[in-house]
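First the structure, in the form of structure tokens, and then the observations on it.
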Amino acid sequence: MDLTASPADEAFRAEARAWLAAHVPREPLPSLETEEGFAAHRAWEAELAADRWSVVDWPAEYGGRDAGLIRWLAFEEEYWASGAPGRVGQNGVSLLAPTLFAHGTPEQRARVLPPMATGEVVWAQAWSEPEAGSDLASLRSRAVRVAGGWRLSGQKTWSSRAAFADRAFGLFRSDPDAPKPHRGLTYLMFDLRAPGVTVRPIGRLDGRPAFAELFLDEVFVPDEDVIGAPGEGWRIAMATAGNERGLMLRSPGRYLASARRLHALWEAQGSPEATRDRVADALIGARAYQLFTHAAACRFLEGASLGAESSMNKVFWSEYDIALHETALDLLGEEGELADTAWSEGYVFSLAGPIYAGTNEIQRDIVAERLLGLPKGRR
Amino acid sequence: MRFLLDAEQRAFAASLDARLTAADTPSVVRDWSRGEHGSGRALWRKIADAGVFGLAVPEEHGGLGPRPVELVVALVELGRHAVPGPLAETVAAAVLLAGLEDTGPAKRLLPALASGEAMATMASEGSYALDGDVADIRLALAHDGVRLAAGHGPVSRSLDPARRLTPLTEGGELLGGAAPFGPAVDHARLATAAQALGVGLALLDRTVAYVGQRTQFGVPVGSFQAVKHRLADAKIALEFARPLLFGAALTLDPADIAAAKVGACEAAYATARTALQLHGAIGYTAECDLSLWLTRARALRTAWGGPRECRELVVSGGGRRW
């Protein structure tokens, strides 16, 4: 058992640090959830991609560096420590790309991944529907077979980034007669500007259009944009959820950097006794998440399936993130009420964490039933 | 980098677990609580035979140590089985004695610690020593150095009936002057944290088993979401404390050790609260074995640096390096 990075891993980390030091914008970009900010974040992705830093863990042929999980973790620590901007392409990179690597065709990977890596095409997810949230498999948006492809109709909602994104991916009911709700779903990609698509941005808590409703009316999708076999969508969408995707959705580097900033803020405020324990817990939680993720990455690299373990991850980081930002706002006193600060922006963003990507109630059910073996019951 | 236990370390944990299961530790704990130490001494020698205390003792004094990762592996198992006695103190005493400039005390005292013939307790000046009335070696961390205390003061009962607390008598043989206490205290803290994690894991296992068989309204209570979610939270807290513990064993950095102490003790204590609540009234009885772990979780939280002291160490040392 050891925590020592190899000289080659250290060299990789140093290279990342040097590149970031030379390239990270001096001034923070405008909010990602504004048109102007979205464009600025897209340009930043292109700058990262030009030197192959946007998707370091991907194969070189798609714009990555074949860095692997361990170096990805190091890159993320350096990335967030450097104060670099949030990642506008995160939905595509952490949700769609792993599915394409596992279930896409070579043609799909060659067509979809390179422009995802550069930010030229930004992806939104289209999972939830007005009547299908935690019970996602009850979704009703339809995919109807037509010559050369499918026609999509129905309504998706809470589609993160969709207000300004280019394309979306999600599940559609292609066989309404399938015996179980999980069967008969197909995983499709579609253009948010295609005829028949209406995007209605939704203001999140602070009014910024961080997500959108999507109305689909007979939207044509060619066969080449179906991932895997029709009817297999549920299995395909869930297959990567318990693997590296669960690990990579939120990297420890992000929280280590936030915890260090919180610690610095606390010291700058004169190290007040009243918040000391909460600041300590932020540091301890970041360290715990870092080490937990390292252990999980090592298990994964040795062939273990992480499975339901990623549900523990999700509950941990989402609640941790809120607690950390609450502590920061409390420390800031009167200033803590101000909008448009890095801390308040982070706070608003953190509040959604326990809700998206499978609510924490669903995650706790998974932990209790699959990891602890408790009997299933009514939700 | 490979931040995982290897096959040998996992096998070591499994074999200790098997030995301790066979030893019926709950009855040993109850004997110990009544002041009958025979079965505890016998168990202690079995643990020594498995090589546990030797992990803290350097090779030149008949041990295999120092092996902090294996020590943590072992102490998690000892905590899981609620083994009584001054475990963390014996481990820390071995580290302290081995680190003295004068090798005489180490040569004299360490072999008996490694073999399990002797138990050691240890206390800072003004603090309680665990099982000071039973321990064969009493080390006082005094202002002028490490002293071999000749005796102990009045015995106080702990919230955990299996722990008895005594001050050590002043004076005694000076084993080393101006000794660096830091590493010994850090080892005591790490060993306490490891036991706490084991205590939490045992409480979780027992409670999961209980809610699976206890039925109300015609179904196992473990099928209710309110019950499941409390246990899921306990599981998450314990699983995130575990890597803190092994990370601290690797770095032996005081801030890492303090973080591990907070993480493991908070997780174990929260699990104890959940375990008590989900057992209902039966869990609130001394008769139910659950009480052995419930009271231990509370006691370990305070031992060798409570939450406040450890968090202080984290904010003063940890943040910049992690």
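Computed with every protein chain present, the accessible area of B:W32 is close to 0 Å² [probe 1.4 Å]. Entry comment: accessible area of the protein assembly as shown is 40 Å² per residue, from protein heavy atoms only and a probe of 1.4 Å. In this Cβ point-charge picture (+1 for Lys and Arg, -1 for Asp and Glu), the stretch B:183-317 has a dipole of about 340 debye about its Cα centre. Within the listed set A:G196, A:G228, A:G333, the Gaussian network model of chain A (springs between alpha-carbon atoms below 10 Å) gives the highest mean-square fluctuation for A:G333.
Over the protein assembly as shown, the hull volume per residue, using the convex hull of the C-alpha atoms, is 167 Å³. Its Kirkwood hydrodynamic radius, worked out from the mean inverse distance over all distinct Cα pairs, puts the stretch A:123-231 at 13.8 Å. If you fit an axis through the alpha-carbon atoms of helix B:104-115 and take the longest principal axis of the Cα set of chain B, what angle between them do you get, 0 to 90°, nearest 10? Taking the Cα atoms of chain B, the angle to B:104-115 is about 30 degrees.
For the peptide B:235-246, the mean number of other protein chain Cβ atoms found within 10 angstrom of a residue's Cβ is 6. Any chance you could give the angle, 0 to 90 degrees and rounded to 10, that helix B:182-213 forms with the longest Cα principal axis of chain B? Tilt relative to chain B: about 20 degrees. In the stretch A:338-379, comparing the full protein assembly with the chain on its own, the residues that lose 40 Å² or more of accessible surface at a 1.4 Å probe are A:R364, A:D365, A:L372, A:L374, A:P375.
Accessible-area loss of 10 Å² or more (1.4 Å probe, protein heavy atoms, chain alone versus all protein chains) is found in the stretch B:286-318 for B:R308, B:R311, B:E312, B:V314, B:V315.
Comparing mean-square fluctuations of A:A126, A:A74, A:A22 from a GNM of chain A with C-alpha springs under 10 Å, the top value falls on A:A22.
Of B:A74, B:A258, B:A142, the residue with the greatest mean-square motion in the GNM of chain B, using alpha carbon springs below 10 Å, is B:A142. Quick check: the distance between the Cα centres of the stretch A:309-379 and the stretch B:245-322, to the nearest angstrom? Each part's Cα centre sits 23 Å from the other's. Against the main long axis of the alpha-carbon atoms of chain B, helix B:7-22 sits at an angle near 80°. For the protein assembly as shown, the 222 nm mean residue ellipticity estimated from helices alone, with every DSSP H stretch of n ≥ 4 adding -39500 (n - 2.57) and the total spread over all residues, rounds to -16000 deg cm²/dmol. For the peptides A:312-320, B:111-119, residues were scored by their other Cβ atoms within 10 Å and the scores averaged per peptide; the highest-first order is A:312-320, B:111-119.
Of the peptides B:267-278, B:189-200, the ranking by mean beta-carbon count within 10 Å, highest at the top, reads B:189-200, B:267-278.
Go through B:K228/B:K261; B:K235/B:K261; A:K156/B:K228 and tell me which ones have a Cα-Cα distance over 23 Å in this structure. Flagged as over cut-off: B:K228/B:K261; A:K156/B:K228.
A Stokes-Einstein calculation at 4 °C with viscosity 1.567 mPa s, built on the Kirkwood radius of chain B over Cα pairs, returns a diffusion coefficient of 65 µm²/s.
Using a probe radius of 1.4 angstrom, the carbon and sulfur fraction of the accessible surface of the protein assembly as shown is 54%.
With both labels modelled 7 Å from their Cα along Cα-to-Cβ, the B:R45 to A:D66 distance reads 6.0 nm. Converting the Cα gyration tensor eigenvalues of chain A into ellipsoid dimensions via √(5λ) gives semi-axes, longest first, of 33, 23, 23 Å.
Please give the residues from the stretch A:1-46 for which the solvent-accessible area of heavy atoms, probe 1.4 Å, is smaller by at least 10 Å² with all protein chains in place than with the chain isolated. Residues of the stretch A:1-46 that lose at least 10 Å² of accessible area once the other chains are added: A:M1, A:D2, A:L3, A:T4.
Counting only protein chain heavy atoms and rolling a 1.4 Å probe, the accessible areas of A:E78, A:E337 rank, largest first, as A:E337, A:E78. Buried between B and A is an accessible area of approximately 4200 Å², summed over both sides with a 1.4 Å probe.
The values are calculated or read from the model by the stated rules, or taken from the named source; none is laboratory data. The structure displayed is predicted, hence computed values, not measured ones. Neighbour counts are summed over all protein chains in view; Cβ atoms, including those assigned to glycine, are modelled from backbone coordinates with ideal geometry. Surface accessibility is based on the protein's heavy atoms, side chains included, excluding ligands, DNA and RNA. Shrake-Rupley method; radii C 1.70, N 1.55, O 1.52, S 1.80 Å.
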